[in-house]
Amino acid sequence: MRAPNVSFRSPTGVPTPSSSRTNSTRTNTTSVSLVSSPLSSPTSTSVSTNRSLGSAPASRSTSSSSSFSFSSAFTSSASSSTAATTTTTTSSPATPSQIHSSISTFGGRRFTSTFVSPSSARGGLAAGSTSTRGSPPSIGRVQHRFGARNERNVLRRLRERQVSRAANRTFVRRSAEKQYASLRLESVLETLDTNDEKALKPLAPFLRRRSRVVELVTAERMLFALTHVGVCAAFDRDCGRRLCYLNVLDDEVVRSLFYNKANRSIITVSVLRSERFSRLHCRSTPLTMLERSTPGEGFPLFEEEMLSWPGFVEFDDVNRKVITFNATTHTYNMWDLANYTLLYSVHDERIEELKMSPGVMLLIYQRSANLLPLKLVSVETGEVLKSFNRLLHRDKPIEFIEQFNSKLLIKQQSHDMQIVDVQTNHTVQVPTSLFPTPGGFIFLFSKNQFITYNKHEVLVWDFEGRLQTRFENHHLYSVSQSPSIMCVNTSQDVIFSYCRDDRDGRSNRGNVHISSLDDGRLIGRIDDTQLPDQPEFRSVLDEITSLTYNESREELYTGGRHGQIHVW
């Protein structure tokens, strides 16, 4: 699941009936987790995508009127001081030996998209104190007038310095460079201590082995780490110790995490070995209980829902809603994230996929030969705002469909991407030569832009199809293994990513790059120079499988291949 990570939701096209639902998380944090069964091979994975990525409480402004206007529906329904997170977890079909893949694919491609909510408005820069030296009494009248004019010029320059956008950007850039330049390896946390028999007692034997960290989530002073085999550990950053495991049952495999800022709790989505990993179970545990190391005092959620494959559950921090899909009855239920009360249900067997955006939900129906029926509905009430058909190229599969406010992004195989304004029907064509099909999206609400990543490249676009930012010295490690190697900060001006170190031609070396989303400049880097000069730390930067940044503590957390977490 994705937070200040960024969380990722997968941008998929319309799935065929046989394809599985994409797990999505909207990161920071974005942080996307790839979780597979502890019994499965490394290639058998389930994706749980985090959409964002933050850990501070969020404020929300929504329309309370029962009549929902179409134009107002595209107003952002949440304003968060951290990257908002949406997490979708899909159930897997039962098999005796493994958890099957639950990644939605189109044309053999896997997609992940992330939504990052707008950060809280930042106040203007505090004006520095200045003193204006007056003219000495001996200065003549003409000289005094000149001094007064010069004094006015000084005040004007000070005012312009304080309100100028260019000056503000320069100050923020220099501050960021100094802030991130001070990152050094501070401590190492162990998700699994094989020598601690008391701590290992709640875990089944098949969970008592080291595996890579696939997801990191911060919540106030706590840090949560999820490993590939399904072990979830909680840490207290104030004292630097592991508090407990969130695996309440001995055969419980945690698939994804979500930090619910509405009620200060952690939600785990799990499967059980006794059920052959076939059904999703949701559990909410308040942070106060985890601080006391009593995860068993949490309570189950949505017990009446049959979340078996291809059912799913999706947590949307932007709209503060939860969606569950019961595949048996083909019913979508919308729940309030604050108190988990049922708001409304949508029952329609023709619905193939749905996409969430602030205030609006897009329903994608089964396509005909050259038409794709679509509906926009209010997230708050379920009221239909607009129904329309989108003309398609016949016999060409859809590679992806994504929605961002009033913008619809759609691309078919071998054709240009279209950015459609559903209010005005204005369409922008983006040539395939400029916009190849990406591996995933990260939507930046406050900037009205989106990030695409594909193989080793990350780009920033606007909704007119123009490339805004190309990053300097930025050769991304493959995100096919884990898109959680990237996260965006809450002000949406900095991206943290795990890249290859190409400076000396040794492509197997890794660095953490800290880059500006505004101009693509490299403003910080974590490399070998920040590591202690000891043999056990030499491979720390070669094994990063996930990362996230805690802005309140100014700490960067990186998860490794053997279950270790490094605090910077």
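The values are calculated or read from the model by the stated rules, or taken from the named source; none is laboratory data. All values reported here derive from a predicted model rather than from experimental measurement. FYI the Cβ positions are ideal-geometry reconstructions off the backbone, even for glycines, and counts take in every protein chain you see. When the accessible area is computed, the model is the full protein with side chains, heavy atoms only, and any ligands, DNA or RNA have been set aside. Shrake-Rupley method; radii C 1.70, N 1.55, O 1.52, S 1.80 Å.
Residues in the stretch 416-426 that are open to solvent by 50 Å² or more (accessible area, probe 1.4 Å) and either part of a strand (DSSP E or B) or of a type outside the set (S, T, N, Q) (or both): Asp416, His426. Can you list the strands (runs of 3 or more DSSP E) found entirely within the stretch 185-252 that contain at least 1 residues being over 13 Å from Gly559 (Cα atoms)? So the answer is 213-219, 222-227, 232-236, 241-245.
Table: residues versus (1) touching a helix residue (DSSP H, G or I) at 6+ places or on another chain (Cβ under 6 Å); (2) at positive phi; (3) not small (Gly, Ala, Ser).
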| position | (1), (2), (3) |
| --- | --- |
| Lys201 | no, no, yes |
| Arg210 | no, no, yes |
| Thr227 | no, no, yes |
| Gly230 | no, yes, no |
| Thr268 | no, no, yes |
| Val271 | no, no, yes |
| Ser274 | no, no, no |
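Which of the residues that make up the stretch 249-276 are of a type in the set (D, E, K, R) and crowded, with 22+ Cβ neighbours inside 10 Å? Answer for the stretch 249-276, where residues must be of a type in the set (D, E, K, R) and crowded, with 22+ Cβ neighbours inside 10 Å: Glu252, Arg255, Lys261. Inclusion of Phe496 among residues that are out of contact with any Lys or Arg (no Cβ under 7 Å at 6 or more places or on another chain) and not small (Gly, Ala, Ser) is warranted.
Within the stretch 516-568, the set of residues being closer than 28 Å to Glu220 by Cα and of a type in the set (Lys, Arg) comprises Arg525, Arg553, Arg561. On the basis of being in a loop (DSSP other than H, G, I, E, B), modelled with pLDDT of 90 or more and either more than 24 Å from Ile442 (Cα to Cα) or open to solvent by 50 Å² or more (accessible area, probe 1.4 Å) (or both), does Ser368 make the cut? So Ser368 does not fit the description; no.
Taking into account only those residues within the stretch 302-338 that are open to solvent by less than 40 Å² (accessible area, probe 1.4 Å), among the aliphatic types (A, V, I, L, M) and within 25 Å of the chain's Cα centre (by Cα), which is modelled with the lowest pLDDT? The extreme case among them is Val318. Being over 29 Å from Gly560 (Cβ atoms) and out of contact with any His (no Cβ under 9 Å at 6 or more places or on another chain) is the requirement here; does Leu459 meet it? Taking the combined requirement at face value, the residue does not satisfy it. Inspection of the stretch 229-248 finds a residue satisfying the criterion of being closer than 25 Å to Glu314 by Cα, open to solvent by 10 Å² or more (accessible area, probe 1.4 Å) and not β-branched (Val, Ile, Thr). From the list Ser516, Ser482, Ser497, Ser546, which one is polar (S, T, N, Q), closer than 30 Å to Pro358 by Cβ, crowded, with 23+ Cβ neighbours inside 10 Å and at pLDDT 90 or above? Just one listed residue meets the conditions, Ser546.
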